[in-house]
Every structure is written in structure tokens, then in C-alpha cells.
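The values are calculated or read from the model by the stated rules, or taken from the named source; none is laboratory data. Here the structure is a predicted model, which means the values were calculated and not measured. When we count neighbours, we look across all protein chains shown, and the Cβ atoms used for this are built from the backbone with ideal geometry, even at glycine. Heads up: the accessible areas ignore ligands, DNA and RNA and are worked out on the full protein's heavy atoms, side chains in. Shrake-Rupley method; radii C 1.70, N 1.55, O 1.52, S 1.80 Å.
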Amino acid sequence: MNIKQTPTLSFSEAFNSATSKIFQFNGRARRSEYWWMMVLLLAVNVILTPFIGILVDLATIPLTFRRLHDTGRSGWWWGVYTILRIAFGVSLIYDLVMASLNAENMQGYEEELAFALFAKYIIWFVVIGIYKIVLIVFMCMDSNIDENKYGKSPKYIDSAVQ
């Protein structure tokens, strides 16, 4: 087998590749495709508003799945990150609601409650932060050279087959 590496995608090639498969969760996506789109997402978030950025971010979910597939991992690694973020939000809303409903019953325990909530949310931030770092490492890893269960490598091709 004679493996040949294809060139890195330019911004326009990455944009065309990502947008042509915007709703496609299966298959694989190269690092250059993923990271060029993340640069574009950052620019959209800075130039426009975070609300519009959230909508654009939702459109990158399939791309993130395909990028994880390219490294041989399930897209549900990203799903677990999303579940952690949602659980954090639910926990925060629950604590705020319960604190406002039980404000009278907590007289004299404000410091203990504040410390417990502070510790709880520090743990949340650490867990979510570590998981995000793991995902970033996965996104930076090179493609699997060989075909994996998600398809053929978009980066490495067998030049003997051509």
C-alpha cells in the first residue's frame, strides 16, 4: 500500500466541504475543515451577537461529530459534553429557584450555603473544563490513516488505487 497525504484544505475548500455536509453526521472531517470553521464561528460570535453565534454553533454539531469520527471516536464524546453543560444549567436554575423559595428558612445559614454552592460550582467548572480540554486534544489529533468504521480517510489516500 502506498499512502499519500493530500494537501491541507484552504479556507474556501474547508468552508465548501463543511457547508455541503452541514446536516451530515456520518463520515469524517479533516482538521483543516474543522478548525477553519471554528475560526469562522469565532469571527461570527465577535462580529455579530452571541445569540446568532449560538445558531451557527448548532450548525457545527455534525462537523464536530465527523471530526471525532476522523480520529476513530464516536461523535457522542461531544454529546457527553453537551449533557454536562445542560446538567450544569439545570443545577444552577434549580439552586436559584430553591434559594429564592426557601430564603426565609435559611436565615443564619447564608455563609454555609454560599460555601456549599461555591464548592459545587467550582467542581462543575473543573469537570466541564477538563472534558473540554480532552475534546480539544481529540480535535487536534491527526486523522486515522486507514479506513475506520466511519469511512475512508479524507486526508490519506492509497496512491496505488488511483
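Please get the size of the charge dipole for segment 11-103, origin at its Cα centre, with Cβ charges of +1 on Lys and Arg and -1 on Asp and Glu, quoted in debye to the nearest 20.
Details: 8 positive and 5 negative charges, 68 e Å.
Charge dipole of segment 11-103: 320 debye, to the nearest 20.
Which one, V44, I86, S153, is farthest towards the positive end of the dipole of segment 6-162 when Lys and Arg carry +1 and Asp and Glu -1 on their Cβ?
S153
Could you grab the relative contact order for the chain? Cα pairs under 8 Å, six or more apart, rounded to a whole percent.
Working: 151 pairs, mean separation 60.5, N = 162.
It rounds to 37 percent for the chain.
With each label point set 7 Å from Cα along the Cα-Cβ vector, what nm distance links A87 and Y131?
According to this spin-label approximation, the distance is 0.6 nm.
At 7 Å along Cα-to-Cβ for each site, give me the label-to-label distance between V39 and I61 in nm.
2.7
Report the FRET efficiency, 1/(1 + (r/R0)^6), for F118 and V80, where r is their Cβ-Cβ distance and R0 is 30 Å, rounded to 0.05.
Step by step, r from the Cβ atoms, then E = 0.75.
With every protein chain present, what accessible area does M106 have (1.4 Å probe, heavy atoms only), rounded to the nearest 10 Å²?
50
Relative to the longest principal axis of the chain, what angle (0 to 90°, nearest 10) does the C-alpha long axis of helix 76-101 take?
For helix 76-101, the angle is close to 10 degrees.
Relative to the longest principal axis of the C-alpha atoms of the chain, give the angle of the C-alpha long axis of helix 11-20, reported between 0 and 90° and rounded to the nearest 10°.
On a 0 to 90 degree scale, this one is about 80.
What accessible surface, in Å², does a 1.4 Å probe find on T60, ignoring ligands, DNA and RNA and rounding to the nearest 10?
Spelled out: T60, probe radius 1.4 Å, area about 10 Å².
How large a share of the accessible area of segment 85-147, in percent, is made up of carbon and sulfur atoms when the probe is 1.4 Å and the other protein chains stay in place?
73
Take a quick pass over the chain and tell me how many lysine pairs come in under 19 angstrom between Cα atoms, counting only ones 8 or more apart or on separate chains. Write down the numbers at each step before the final one.
Details: K4/K152; K4/K155; K21/K149; K21/K152; K21/K155; K120/K132.
Pairs that pass both the separation and distance tests number 6.
Which order do R73, R85, R67 take when ranked by solvent-accessible area (1.4 Å probe, heavy atoms of all protein chains), largest first?
On the way: R73 55, R85 105, R67 0 Å².
Largest accessible area first, the list is R85, R73, R67.
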